[in-house]
Amino acid sequence: MLVGRRIPSRIRESVVAAIGLATVVIGISDVLGTRNMVFPLAATVLGVIVGESLRLHERLISLGDGVKRRIGRQSDDRFTEGFVTATLLFCIGPLTILGGIEDGTGQVPRLYFIKSALDGTMSLVFGSQYGPGAALSALSVLVVQGGISAFGTLLDQVMSERQTVELFATGGLAVVGIGFNLLGIARIRVASFLPSLLIAPVLVAVFAR
């Protein structure tokens, strides 16, 4: 709250750009780890078809808007608004899911490092705008990201090494999309990519030899 008010917007924008570049590099490195590009490509195409059919992108936006509308109607307290807004940004998104899987499967949680840098920058903005309510979203992050990391440990026990490799290669494509969004290169509906993370291990189990 004290620091956010004193950081010029140009510095915040440059920091986000730097995070975007690092995100693209990490995504590409994950994609290059595949042993057969057909798996991440097929999983992503099928996943996007499923995601768009389910309108995941719109549902996530509607969820956030609905919560904020309900809170707004019940109270004008900026503390509550800050908590809801920060929770939605920090807990809903591919980096949260991919980072949790990466962490739970014993990998170096690079995506959580990226997410921490991005969330830390945004927390300066939210802290200066909403006050202590934004800080309370740390509880939501603990529950959501902690739960996904625990689920990732279960995945590590049931998936083969090949399935894990192709899962991260598939996720790498989504991570590149996140980086492009941060850099303003494109507006990719990354939420629609999420079903591909379920499809990739299945394709490996059925077709890999």
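Just a few scattered comments:
- Sum of side-chain charges, TYR112 neighbourhood, beta-carbon under 9 Å (Lys, Arg +1; Asp, Glu -1): 0
- Note on the chain: Rg/Rh from Cα positions, Kirkwood definition for Rh, rounded to two decimals, is 1.00.
- Mean separation of Cα contacts under 8 Å (6+ apart) over length of the chain, as relative contact order %: 41
- Neighbour-count order for ASP30, ASP156, fewest beta carbons within 10 angstrom listed first: ASP156, ASP30
- Ranked for footprinting exposure by Cβ neighbours inside 10 Å, fewest first, TYR112, TYR130 give TYR112, TYR130.
The numbers here are math on the coordinates, done by the rules we state, and not lab data. These figures come from a predicted structure and were not determined experimentally. Positions of Cβ are backbone-derived with ideal geometry, glycine not excepted, and every protein chain shown enters the neighbour counts.
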